[in-house]
Amino acid sequence: MKDTLIARKALTQGDVTPYFQPLVAIRTGRHAGFEALARGMAPGDPPGTGSISPLRLFGAAKTPAERLALDRLCRERAFAAFSDHHVAHPALLLFVNIDASLLDKDSVGSGHIEQCAKRWGIPPHNVVIEIIESAVPDDAALSRFCERHRQAGFLLALDDVGAGYSNLARIAALRPDVIKLDRDLVAGCDATFHRREVMRSLVALARRIGAVTVAEGVEREEEAATMIDLGVDMLQGYLMGHPQPVPAPREPIAALRRSMLLYAGMTLQRLRAEEQEHQRLLQLVRPLRLALDGQSPRRFGRILRDALPHMPDMECLYVLDAFGSQTTDSVCRPCEGIPQRVVLYRPATRGTDHSLKEWFQPLRGGVDASVSQPYISAATGSLCITVGVRFNCAGGRSHILCVDATARHTGDGAAT
């Protein structure tokens, strides 16, 4: 009941104050803009501050009409508070939110955001409209809204990508200028292989369609360093700055500098660890390569089966010809994981074409050995690294011994 009264007071008396959280551009090390975050004012709050979170504030607005009115009030306050800072810092961007669930054929043509920008003297190209991902009752209205504001010169951002209602179809439909990666993906990404790979794919997608990426919820320097490694463009979160009533740019950003130094150290450590691991694997594979060298191809399978029990780090062994076609069946350890995963992952058989795999390309070019990056094995479903080394059979033809080894250095935990 108390929250409901606060929301109604906010609507009737305008008791809403904007807070601004900085977004930092990695390339320049400076603030690129600020996201406006509304807070409700409770009794006793000092002027210009608010202690009621946006979640509580909007949760107390019970009807769509109340939520829409509150949504507009928050944006009006944001434009008004940001206008003086735009004059002092004309390159800064203002990020304002709009709840897509409130859009319908009537609200799309209201011109409210254009009027706010004009009234407070902030050019549309300095305003990023964040589409908050939620259940959209009218997809056509959302598309019209985005197209109208794009034509008017505003920038569009898709918020919380990677969580909730966010999906690739929405990205294709709205063609955002900015993709904001959800905090649930960012949190702990430095220690989780699967999260990093999802983030890597989203960053690559954004780059291909010309969208800028923002990592939300960055709270630790390790997370920031990982975002730098993945190629993210901007960082947002407590590490870069807490929401404040006044958008005050600070340069340089000390936390970003520390994160860059950490990234440099992590990269060097990872490269050294990878090189050591590659050399270790090549040494482990060497006796098997020597055992195969000069043998008849008919004996390859028997040699692989005899060798596997003595190679505890190895999951699968197989041989290719010089063109990447598999000439033996895969010799693999029994699956020790969940039994039903056996249906999803099956070892490659004789005749499988490996010629398009990335790790095979150096071997195609004539090098004697190649080591892949970590990936999920199609044979076992586990994280592995493939080692490929050349040898010659009894007839002098070139063959390639392939060994799928358990990946140890993926950036997860301490092994980075």
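Rounded to the nearest 0.05, the FRET efficiency derived from the C-beta distance between Gln115 and Arg408 at R0 = 60 Å is 0.55. For segment 17-160, the antiparallel share of DSSP beta bridges with both residues in that region comes to about 45%.
Within segment 286-301, list the residues whose amide N lies under 12 Å from a label point set 7 Å along Cα→Cβ of Asp313. Answer for segment 286-301: 286.
Rounded to the nearest Hz, the phi-derived 3J(HN,Hα) couplings of segment 362-379 under the Karplus curve 6.51 cos²θ - 1.76 cosθ + 1.60 (θ = phi - 60°) are x, 5, 4, x, x, 5, 8, 8, 8, 10, 7, 6, x, 7, 7, 5, 6, 8, where x marks glycine and proline.
Label-to-label distance, Ser143 versus Gln373, with points set 7 angstrom from Cα along the beta-carbon direction: 3.5 nm. Annotation: extensible slack from His125 through Asp104 equals 5.1 nm (criterion: 0.36 nm per residue apart, minus Cα-Cα distance).
Show Met234, Met266 ordered by accessible area, largest first, where the area counts protein heavy atoms only and the probe is 1.4 Å.
Largest to smallest exposure gives the sequence Met266, Met234.
Specify the angular offset, from 0 to 90 degrees and rounded to the nearest 10, of the alpha carbon long axis of helix 193-209 from the longest principal axis of the alpha carbons in the chain. For 193-209 against the chain, the angle is about 70 degrees. The P(r) of segment 161-275 has a tail past 22 Å containing 36 percent of all C-alpha pairs. In this structure, Glu219 and Ser83 have a Cβ-Cβ separation that, at R0 = 30 Å, corresponds to a calculated FRET efficiency of about 0.50.
Taking the protein heavy atoms of the chain in the context of the full set of protein chains, the accessible area attributed to carbon and sulfur is 55 percent at 1.4 Å.
Solvent exposure of the chain amounts to 48 Å² per residue of accessible area, where only protein heavy atoms count and the probe is 1.4 Å.
Taking every DSSP bridge with both residues inside the chain, close to 65 percent are antiparallel.
Taking the Kirkwood radius as Rh and the Cα radius of gyration as Rg, segment 154-196 has a ratio of Rg/Rh equal to 1.04. Electrostatic tally near Ala36: other residues with Cβ closer than 15 Å to its Cβ, Lys and Arg +1, Asp and Glu -1, net -3. Net length available on complete extension from Gln295 to Ser355 is 19.3 nm, with 0.36 nm assigned per residue and the Cα-Cα distance removed.
Scanning residues 5 or more positions from Thr352 or on other chains, those with amide H under 5 Å from its amide H are Gln326, with H placed 1.01 Å from N in the peptide plane. P(r) tail for the chain: Cα pairs beyond 26 Å make up 63% of the total.
The values are calculated or read from the model by the stated rules, or taken from the named source; none is laboratory data. In this text, all values refer to a predicted model and were calculated from it rather than measured experimentally. Cβ atoms come from the backbone with ideal geometry, glycine included; neighbour counts cover every protein chain shown. Keep in mind that these areas ignore ligands, DNA and RNA; they rest on the heavy atoms of the full protein, side chains included. Shrake-Rupley method; radii C 1.70, N 1.55, O 1.52, S 1.80 Å.
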